[in-house]
2 protein chains.
Amino acid sequence: MNRKKKPLSHPDVEKRLVDAGVQPTAQRIAICGYILGEADHPTAEEIKKWADRHFPKMSRATVYNTVKTLVDAGILQEFKFPHSDAAVYDSNTDIHYHFLDEKTGELHDVQPESVDLSVKLKEGFKVKGIQILLRGTKK
Amino acid sequence: MNRKKKPLSHPDVEKRLVDAGVQPTAQRIAICGYILGEADHPTAEEIKKWADRHFPKMSRATVYNTVKTLVDAGILQEFKFPHSDAAVYDSNTDIHYHFLDEKTGELHDVQPESVDLSVKLKEGFKVKGIQILLRGTKK
DNA sequence: CATATGATTAGAATAACTCTAAATTTAAAC
DNA sequence: GTTTAAATTTAGAGTTATTCTAATCATATG
């Protein structure tokens, strides 16, 4: 089931976009509203399928253009995981990790507080970022 | 620079293959010898380029077939990382993690002893595997 | 409202594989 | 040692996810 996501009104989404310095076109409001308020780690293809049902007409290129714009604006994070070739988009822009349910393919955000790690590498290695994917099953 | 890799003789590689239950064809001996004795996290494309220089004639499909065979036989591990679409092949088949030098794109193996982590997730999450990519720079 | 800037579009192009069906090599049976 | 069967290799077509291109359309500003 989908964690506490609340649908967002179009004006709310529009404000989010404008605040982030993004021109609020109809396509962007639609896609952004879907990802922020409804979707859970959607791929571009899932966004396209959603748009085909909820938006009069949207090209695949617009989906890609838009998610890129939203990532650049700091509204989304993009992730790529080894189990799938498709990138996923996450409305959680804070540092966090992921858990992949290998049975269902579902991704769950993992808060950094749930993970306690320390890394000690040889001289010369400077760690600036950490990506963690936990794999397993979820009851 | 490449960590302590020693070239392997063809007979040694052949033995490795036979021991793993893999028919030791000329193509497999060549590719396996290259990855075990020389290469550092090569992609299929890099293996193909090496083969074009060191083997009379090898199709791209054979490169892909062969690395798949070697992975299935437990001789190699395959990894995919977010910074590149191409899979890489690792002669280290033990559990380990990676460090990506963002300046050079080089991957370095990270031994599990260098990483101390504990994960505590909510009830129902059973972790069966962990993938970690450290990103940064190396002097 | 004219015009420049920015966004959207369809479809072509690309990268990294995977698939297919035929040809070749190797192994197994006689 | 040939014949037969099984496994491997191959070229090229197909697939998937994404980017690029260049034309069209919308929006914002003077």
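Tabulated values for the structure
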{"read-out": "Enumeration of residues in the range B:104-121 that are facing chain A (nearest Cβ under 8 Å) and not hydroxyl-bearing (Ser, Thr, Tyr)", "value": "B:HIS108, B:VAL110, B:VAL115, B:ASP116, B:LEU117, B:VAL119, B:LYS120, B:LEU121"}
{"read-out": "For A:LYS138: the one exception among (1) closer than 26 Å to A:VAL63 by Cα; (2) more than 16 Å from DNA strand D (Cβ to nearest atom)", "value": "(1)"}
{"read-out": "The lone exception for B:ILE47 - which of (1) open to solvent by 30 Å² or more (accessible area, probe 1.4 Å); (2) closer than 30 Å to B:LYS139 by Cβ; (3) within 12 Å of DNA strand C (Cβ to nearest atom); (4) away from chain A (no Cβ under 14 Å) it fails", "value": "(1)"}
{"read-out": "Residues within the range B:74-87 that are more than 8 Å from DNA strand C (Cβ to nearest atom) and open to solvent by 30 Å² or more (accessible area, probe 1.4 Å), tallied", "value": "5"}
{"read-out": "Residue check for A:GLU38: of a type in the set (Asp, Glu) and within 16 Å of DNA strand C (Cβ to nearest atom)", "value": "no"}
{"read-out": "The range B:56-73, residues that are of a type outside the set (Val, Ile, Thr) and open to solvent by 40 Å² or more (accessible area, probe 1.4 Å)", "value": "B:PRO56, B:LYS57, B:SER59, B:ARG60, B:ALA61, B:TYR64, B:ASN65, B:LYS68, B:ASP72"}
{"read-out": "Residue within the range A:85-103 that is within 16 Å of DNA strand D (Cβ to nearest atom), at pLDDT 95 or above and more than 14 Å from every other protein chain (Cβ to nearest Cβ) present", "value": "no"}
{"read-out": "The range A:48-62 residues that are touching a residue at least 12 places away in the same chain (Cβ under 8 Å), paired with ones that are open to solvent by 90 Å² or more (accessible area, probe 1.4 Å) and β-branched (Val, Ile, Thr) (beta carbon under 8 Å, 6 or more apart)", "value": "none"}
{"read-out": "Residue list for the range B:13-35, restricted to those being more than 12 Å from DNA strand C (Cβ to nearest atom) and either in contact with a strand residue (DSSP E or B) (Cβ under 7 Å, 6 or more places away or on another chain) or free of Cβ contacts under 8 Å to residues at least 12 places away in the same chain (or both)", "value": "B:LYS15, B:ASP19, B:ILE35"}
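The values are calculated or read from the model by the stated rules, or taken from the named source; none is laboratory data. Note that the structure is predicted; figures quoted are calculated from it, not measured. FYI the Cβ positions are ideal-geometry reconstructions off the backbone, even for glycines, and counts take in every protein chain you see. Just the protein is used for accessible areas: all its heavy atoms, side chains included, with ligands, DNA and RNA removed. Shrake-Rupley method; radii C 1.70, N 1.55, O 1.52, S 1.80 Å.
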